[in-house]
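A.B. asks: The structure that follows is given in the form of structure tokens.
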Amino acid sequence: MESDRLYRVRREDLPRLEELLTQCFARDPLYCKLIPDEETRKRLLPELFQCDLTEFYETCEIFSDSPDMNSLLVVSDGTESFDPLKRYLTEAWAQIQTDQYLIREDLSLKTLWNFVLGRDYLNSRWTSQLHQTRRIHIIYLAVLPAMQHHGLTHILMSQVIQYAQEHGLMLSLETHNPHNVPMYEHYGFKIFGVLEKHFGLKQYCMVREI
């Protein structure tokens, strides 16, 4: 994906985005279920998002509304070529690091087990049912709490939608927060299905057709 309007995140920007994601997802239903203890969650989230962003910097595209980085958009463009071996190794290393953090922060292994149970909430595997390679998957869309209601979500969404329309691409995403569903519906997304496997947690799988 390309955009003249959005800021393409650089490697040196990643620590700031770790803090952004930590603030945005501290109360997210998914992470509250995976890491029920609040103190453990405070310690773990920055480390987990560090792993995520390091992986995504190598395998996906990361944007913000501006160099101030008050928002974040991470997308995976299925039409772009990639080195499968490099991607496999990058993802495997990120998984090893994640498991190490989970074990270190909770020696009882309960948190690690929660992540094992919740893997289908974390891996976007549901998108294989779409049978559509001409597709962009929105992995993260987040705005700093202090900067919400300033139109940043619209800037990010309008750019990815414009690119998808110009190139004939489907859009997909998932959210675990039911309050987000109407917002995505406003941008033309529809619920493809609802995943509910563990923790009494629902994952809303959504697509925006070509």
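The values are calculated or read from the model by the stated rules, or taken from the named source; none is laboratory data. Everything numeric here is computed off the predicted structure, so don't read it as measured data. Cβ sites come from the backbone with ideal geometry, for glycine too, and all protein chains shown count toward neighbours. These area figures cover heavy atoms from the full protein model, side chains too; ligands, DNA and RNA do not enter into them. Shrake-Rupley method; radii C 1.70, N 1.55, O 1.52, S 1.80 Å.
A.B. asks: From the residues in segment 168-181 that are within 18 Å of the chain's Cα centre (by Cα), over 10 Å from residue 206 (Cβ atoms) and of a type outside the set (A, V, I, L, M), which one is surrounded by the fewest Cβ atoms within 10 Å (Cβ to Cβ)?
C.D. replies: Of everything passing the filter in segment 168-181, 179 is surrounded by the fewest Cβ atoms within 10 Å (Cβ to Cβ).
A.B. asks: Something else about it: Tell me whether segment 124-146 contains one or more residues that are in contact with a Phe, Trp or Tyr (Cβ under 9 Å, 6 or more places away or on another chain) and open to solvent by 50 Å² or more (accessible area, probe 1.4 Å).
C.D. replies: Checked against the condition, which is being in contact with a Phe, Trp or Tyr (Cβ under 9 Å, 6 or more places away or on another chain) and open to solvent by 50 Å² or more (accessible area, probe 1.4 Å), segment 124-146 yields at least one hit.
A.B. asks: Let me ask something additional. In segment 1-43, which residues are over 27 Å from residue 117 (Cβ atoms), open to solvent by 40 Å² or more (accessible area, probe 1.4 Å) and out of contact with any Phe, Trp or Tyr (no Cβ under 8 Å at 6 or more places or on another chain)?
C.D. replies: Scanning segment 1-43 gives 4, 5, 10, 12, 15, 16, 19.
A.B. asks: Looking only at segment 49-96, how many residues end up being in a helix (DSSP H, G or I), touching a residue at least 40 places away in the same chain (Cβ under 8 Å) and out of contact with any Leu (no Cβ under 8 Å at 6 or more places or on another chain)?
C.D. replies: 3
A.B. asks: Taking segment 97-110 only, how many residues are in contact (Cβ under 8 Å) with a residue 12 or more places away in the chain, of a type in the set (A, V, I, L, M, F, W, C) and either open to solvent by 70 Å² or more (accessible area, probe 1.4 Å) or outside any helix (DSSP H, G or I) (or both)?
C.D. replies: 0
A.B. asks: Look at segment 182-207 and say how many of its residues are more than 25 Å from residue 114 (Cα to Cα) and either surrounded by fewer than 16 Cβ atoms within 10 Å (Cβ to Cβ) or over 17 Å from the mean Cα position of the chain (by Cα) (or both).
C.D. replies: Matching residues across segment 182-207 total 9.
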